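FYI, it's all coordinate maths here, none of it is from the lab. All values derive from a computational prediction rather than experimental measurement. Note that each Cβ is placed from the backbone with ideal geometry, even for glycine, and that neighbours are counted across all protein chains shown.
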Amino acid sequence: MYKKILFCTCLTEYCEHVFQFSLNMARENGARLWIYHGLGRLNMAQDETEEEIRKAEARVIDAYVDTMKGEGFDNYSINVSDGDVVSEIVKLARNADVDLIIMGTGTTVPMQAGEDVRVGPLGSVTMDTLLWSPCPVLVIPPALVPGLTRR
């Protein structure tokens, strides 16, 4: 059903679980997995911006590529950019003809084990992506993060 899946990451610990979900979804669907990390608006010279993008690409590779290779998955692309994160996600999804965007609820673990499960709203990037996306957006809830659920 899905041939191109876009996983949006902020490279936090919480994103590891969202990545695993995205990888499994891509594998099950025989889909290409696009991994996107946005740096936000950088007020730097062009060469400094390019260097920051290279550093961020290296962090994305360190965070996810070994896992994918270890699981025999090689159908992926990595995209890192500066600029408005939501605009860049939407532009990438549109230009790459993405079928599904997968992201977490926000940039931090939304709740700690044992805290009230009634958390605040989604993070601003997630909310705005839901509003502007050219394709379905799957938001992975905190209840799916191991150790954060109460049984």
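At a glance:
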| read-out | value |
| --- | --- |
| Of residues in segment 70-84 being without any contact (Cβ under 8 Å) to a residue 12 or more places away in the chain and of a type in the set (Gly, Ala, Ser), the one farthest from ARG27 (Cα to Cα) | GLY70 |
| Long-range neighbours under 6 Å by Cβ, at least six apart or interchain, first residue under 17 Å from GLU88 (Cα atoms) within segment 1-14, second polar (S, T, N, Q) and in a loop (DSSP other than H, G, I, E, B) | CYS10/THR107 |
| Qualifying positions in segment 19-46 - in contact (Cβ under 8 Å) with a residue 40 or more places away in the chain, hydrophobic (A, V, I, L, M, F, W, C) and farther than 16 Å from SER77 by Cβ | PHE21, LEU39, LEU42 |
| Qualifying positions in segment 15-28 - in contact with a strand residue (DSSP E or B) (Cβ under 9 Å, 6 or more places away or on another chain) and farther than 24 Å from ARG94 by Cβ | HIS17, ARG27 |
| Any hit, segment 39-47, residues being within 25 Å of PRO141 (Cα to Cα) and of a type outside the set (S, T, N, Q) | yes |
| Unmet criterion (only one of (1) in contact (Cβ under 8 Å) with a residue 60 or more places away in the chain; (2) farther than 19 Å from MET25 by Cα) for THR49 | (1) |
